[in-house]
Amino acid sequence: MHVQQIINSKATSDVITVKLGSLVSETAKILAERRIGAVVVSNEGTTVEGILSERDIVRELARSGAACLSFVVDKIMTKNPVTCLLQNSAEQVLQTMTEGRFRHMPVVENGKLIGLITLGDVVKARLSELAMEKDALEGMIKGF
């Protein structure tokens, strides 16, 4: 399975973005209201300047206390996040996310942001793929 198939299977392909200079407090509110774990930082919604996740906010909260809520996202975001392409396999993305210990990966094509996949999206796709393989093997064994 490829990233393209994962993107196509998602209920929505919308990527929530915030602009450089946005406040961490505003971004935290977006995360909570949308029930999402990360936003892409992008001035025009087509490039990836960075990514800001719940983990980034919690880490900074531990370092700086509540004052970090008045910071701009530029200060605590992950700059130059790892991205993937539509033709990358689910296995490649899963390995990259696991090794890098992150759960959100922007999908880019020709340098433009076209989606965001999560570790959960990839695991769901792999489980679906494994279930189909299992059914096919059982069918072969039973002679169907």
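Observations, loosely collected:
- One residue from 30, 7 being within 27 Å of residue 123 (Cβ to Cβ) and in contact with a Gly (Cβ under 9 Å, 6 or more places away or on another chain): 7
- Every residue from region 103-141 that is outside any strand (DSSP E or B) and either under 19 Å from residue 42 (Cα atoms) or among the basic types (Lys, Arg) (or both): 103, 110, 111, 124, 126, 134
- With respect to (1) part of a loop (DSSP other than H, G, I, E, B); (2) more than 23 Å from residue 36 (Cβ to Cβ); (3) open to solvent by less than 70 Å² (accessible area, probe 1.4 Å), the lone exception for residue 87 is condition (3).
- Subset tally (residues that are open to solvent by less than 60 Å² (accessible area, probe 1.4 Å), assigned to a helix (DSSP H, G or I) and of a type in the set (A, V, I, L, M)) for region 40-65: 1
- Answer residue from region 94-124, given it is touching a Leu at 6+ places or on another chain (Cβ under 9 Å) and within 13 Å of residue 4 (Cα to Cα) and is surrounded by the fewest Cβ atoms within 10 Å (Cβ to Cβ) among those: 109
- Count of residues meeting criterion [in contact with a strand residue (DSSP E or B) (Cβ under 8 Å, 6 or more places away or on another chain) and either outside any helix (DSSP H, G or I) or free of Cβ contacts under 8 Å to residues at least 40 places away in the same chain (or both)] in region 5-27: 12
- Residues (at pLDDT 90 or above and more than 13 Å from the chain's Cα centre (by Cα)) located in region 112-137: 112
- Restricting attention to region 66-75, the residues being in a helix (DSSP H, G or I), open to solvent by 20 Å² or more (accessible area, probe 1.4 Å) and not hydroxyl-bearing (Ser, Thr, Tyr) number 5.
- Scan of region 17-39 for residues that are of a type outside the set (Gly, Ala, Ser), within 23 Å of residue 114 (Cβ to Cβ) and open to solvent by less than 40 Å² (accessible area, probe 1.4 Å), ordered by number: 18, 27, 31, 39
To keep it simple, each residue is scored yes or no on (1) in contact (Cβ under 8 Å) with a residue 40 or more places away in the chain; (2) within 19 Å of residue 13 (Cβ to Cβ).
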residue: 70; (1), (2): yes, no
residue: 76; (1), (2): yes, no
residue: 88; (1), (2): yes, yes
residue: 105; (1), (2): no, yes
residue: 111; (1), (2): yes, yes
residue: 130; (1), (2): no, no
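- Meets criteria (part of a loop (DSSP other than H, G, I, E, B), over 19 Å from residue 11 (Cα atoms) and either in contact (Cβ under 8 Å) with a residue 24 or more places away in the chain or of a type outside the set (Gly, Ala, Ser) (or both)) for residue 93: no
The values are calculated or read from the model by the stated rules, or taken from the named source; none is laboratory data. No experiment lies behind these values; they were computed from the predicted model shown. Neighbour counts run over all protein chains shown; Cβ positions are idealised from the backbone, glycine included. Heads up: the accessible areas ignore ligands, DNA and RNA and are worked out on the full protein's heavy atoms, side chains in. Shrake-Rupley method; radii C 1.70, N 1.55, O 1.52, S 1.80 Å.
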